[in-house]
1. If we keep just the residues of region 10-34 that are in contact with a helix residue (DSSP H, G or I) (Cβ under 7 Å, 6 or more places away or on another chain) and assigned to a helix (DSSP H, G or I), which is nearest to LYS271 (Cα to Cα)?
2. Just checking: which of the helices (runs of 4 or more DSSP H) contained wholly in region 233-319 hold 1 or more residues that are under 25 Å from LYS186 (Cα atoms), in contact (Cβ under 8 Å) with a residue 24 or more places away in the chain and under 17 Å from the mean Cα position of the chain (by Cα)?
3. How many residues does region 131-154 contain that are within 16 Å of GLN188 (Cα to Cα) and not hydroxyl-bearing (Ser, Thr, Tyr)?
4. Checking TYR243 against (1) hydroxyl-bearing (Ser, Thr, Tyr); (2) surrounded by 17 or more Cβ atoms within 10 Å (Cβ to Cβ); (3) over 22 Å from MET21 (Cβ atoms), only one condition comes out false. Which one?
5. When you check GLU63 against the structure, is it at pLDDT 95 or above, of a type outside the set (Phe, Trp, Tyr) and closer than 24 Å to CYS235 by Cα, yes or no?
6. Within region 130-170, which residues are closer than 30 Å to ASN16 by Cβ and loosely packed, with under 15 Cβ neighbours inside 10 Å?
7. Taking TYR115, is it under 26 Å from ILE176 (Cα atoms), in contact with a helix residue (DSSP H, G or I) (Cβ under 7 Å, 6 or more places away or on another chain) and among the aromatic types (Phe, Trp, Tyr)?
8. Considering only residues that are buried (at least 16 other Cβ atoms within 10 Å of the Cβ) and either under 27 Å from THR55 (Cβ atoms) or polar (S, T, N, Q) (or both), which ones fall in region 90-104?
Amino acid sequence: MSLIKEVLINKRTDLNPVWIMRQAGRYLPEFRDIRKQNPDFIKLCLNSKLSAEITLQPLRRFELDAAIIFSDILMLPYGLNQKVEFIKNIGPILGELDLKVISKIDEIDFVEKVYPVYKAIEMVSRSELVKNKITIGFVGAPWTLLVYMINKQSPKLKLNDNFFKDNFLINRILIILEKFLKIHIKNQIENGAQVIQIFDSWAGLLREADLPNFVYIPTYNLVNYIKSLKIPVICFPRGIKNYKNYCEIVKPDAICIDYQVDPLQISKDIKIPVQGGMDPKVLLTDKENIKKESKKYLDIFKDHPYIFNLGHGVLPETNPDMMDYLIKSIKDY
């Protein structure tokens, strides 16, 4: 069994497996070479051969314990026929949201549209590079996808003031999202994903009172579904204040924490395996600091089932040598 599954399933505390969010991508020169020739990000995600190649690039360089498929959470709205494009220095921009169009889409249409993602997962899971490791599939959480679909862009600054005004639209989309997220998850698993991570990147936008309707219940339904397929599920509700509540209600197999959370408090409050935590900006400093900060997390969770990761994705300006140093420090711990 892979080290990550040993931690997730058997709750082992004597292992320090490591994988890194956004380990495949912008900071690697070999990725940038591919990107230069493939400026359309969505088309790149739908090129099974290149997507599989990009997924495997960091495993050639570093002693990582998992491959995470090179794709995007916005493949879901794309599969539902909402226009999605990525604009340089701006991020994702989505087209008009037409409920009539989205409501007409069936499972066959959706799977056909995003099928190259599943093909890429299959190619990765068959690679020699992931022998004794795992392939991770992922989805965006319903709330985060809802935000992108209605807001039509990243809510980095704030949500549109009228975001909550159309209750019918919100509830209808949440029902559609649950249906197609389950389809998306099932196809990833059938093609070789052995763990699923649910990214709720914008969970931190909500007031505590709104979490049950928009985060807890929709995510719990997905977690339950993934568990019914006998696959471990990791949840990453970035920016929420109360991870303990989240774990007790949503019941994931592991919780991924962001870098604004006190890891010491988490180690006291949370019984399930923990993943992540370190600020990606640490990788922009020096080796001494990288060793100190990574050791802090490894020390705090030394008697707790723990998977080393960052509290967010690798930053594009990260030097791959620093990443190499980080991973070797963890393996030598």
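The values are calculated or read from the model by the stated rules, or taken from the named source; none is laboratory data. Everything quoted here is computed from the prediction, not taken from an experiment. Methodologically, a virtual Cβ is constructed for each residue, glycine included, from the backbone with ideal geometry; neighbour enumeration extends over all protein chains shown.
1. PHE31
2. It comes to 243-250.
3. 7
4. If we test TYR243 against (1) hydroxyl-bearing (Ser, Thr, Tyr); (2) surrounded by 17 or more Cβ atoms within 10 Å (Cβ to Cβ); (3) over 22 Å from MET21 (Cβ atoms), just (3) comes out false.
5. The answer is yes for GLU63.
6. LYS131, ASN132
7. No.
8. Result: PRO92, LEU94.
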